[in-house]
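What follows is a short report on a single structure.
The values are calculated or read from the model by the stated rules, or taken from the named source; none is laboratory data. Predicted model, so just to flag it, every value in this text is computed and none were measured. Here the Cβ is made from the backbone with ideal geometry for all residues, glycine too, and neighbour counts use every protein chain on show.
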Amino acid sequence: MLETGDVVVEVGGRPVVLVVGESPLYRPLRLVRSGERDEAGARLGPLKGPDVEQLQAFLAAAGHDDNGRLIVDGEFGITTQRAVKQWQRAVGHPATGVVDTSQMIFMTTSLLVDSRLTVGQVFEGLDISGTEVVLQIVGSTTLREFFAPGSSVEILADPPTTGTVTQSSRVSGETGVEQLIEIAVEFGYSGDLGQSVQVIGSVTRARDALTIPVRALLADSNGRWVVEVDSGSGPQTVAVDLLEVVDTTAIIAGLDEGDQVVVPL
């Protein structure tokens, strides 16, 4: 897994470094000289923006801060240029003071690199994915109720962990007739899953249960669960017993069937 400051790849013996942040590196980041103009002849001002701020924050965290003079303010000034040159010298790039995509990659998340590069291989790009591990499960459609999207599952790995079902969809079997279900389970994991892993889903059934959306539950000053019921003349607070919560639904006692419960947006 690659985090901020890690080398994604070396091109020509020089590193391309990952910087995690919200802004993409969509332009060269550099010092605009006094009196510099654009192609239309308009005078250029200082280079500013969240991408500059992201670069400054990375440089400061890495210890390349122009001897403490660098300020993370989103404006590319002379101290930012000197900090960039410090970083470039430290990692083996020419000290130009200009940062572009030949030196850094700005991404919104940490990365997993799927490509396997070898010495002498022509570099054409990297296959990357997110840091969340995704299990793909294919089985009988009877599994659907046990693996509903958004539900939690147990993953019997070493050590055990939990995951979240992100997708559940029907697919055709090998004969083209048999209907199967494909389930995607997302989870964070750094161990070795091995060749196979057991995933346990669950389903809750209740007979004659009184249910309300979880968002309708409120806590009063005494720590009791209450809901607001529309009595026709205005909302009325009623205490309820919370029996169980299943995903976004609460099973309760203390109301009558047909009561109109106020659900906050």
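Quick notes on this structure:
- Only one entry of V7, V72, V17 meets the criterion of being of a type in the set (A, V, I, L, M, F, W, C) and in contact (Cβ under 8 Å) with a residue 24 or more places away in the chain, and that entry is V17.
- Filter pass, I155 being under 22 Å from the mean Cα position of the chain (by Cα), at pLDDT 65 or above and part of a strand (DSSP E or B): yes
- Hits in the stretch 31-69 - residues which are in contact with a Ser or Thr (Cβ under 8 Å, 6 or more places away or on another chain) and in contact (Cβ under 8 Å) with a residue 40 or more places away in the chain: L31, D51, Q54, L55, F58, A61
- Pairs, first free of Cβ contacts under 8 Å to residues at least 60 places away in the same chain in the stretch 231-242, second assigned to a loop (DSSP other than H, G, I, E, B), C-beta under 6 Å, six or more apart: P235/V262; A239/R224; V240/G254; D241/G254
- Evaluating E178 against the criteria (1) modelled with pLDDT under 70; (2) surrounded by 12 or more Cβ atoms within 10 Å (Cβ to Cβ); (3) among the charged types (D, E, K, R) leaves one unmet condition, (2).
- Residue among R43, R14 that is within 19 Å of K85 (Cβ to Cβ) and assigned by TED's automatic domain parsing to the domain that holds Q88: R14
- Which numbered condition L2 fails, given (1) in the same structural domain as V99 (by TED's automatic domain parsing); (2) surrounded by 15 or more Cβ atoms within 10 Å (Cβ to Cβ): (1)
- Among the residues of the stretch 72-94, those identified as in a loop (DSSP other than H, G, I, E, B) and either of a type in the set (K, R) or surrounded by 14 or more Cβ atoms within 10 Å (Cβ to Cβ) (or both) are V72, G74, F76, G77, H93.
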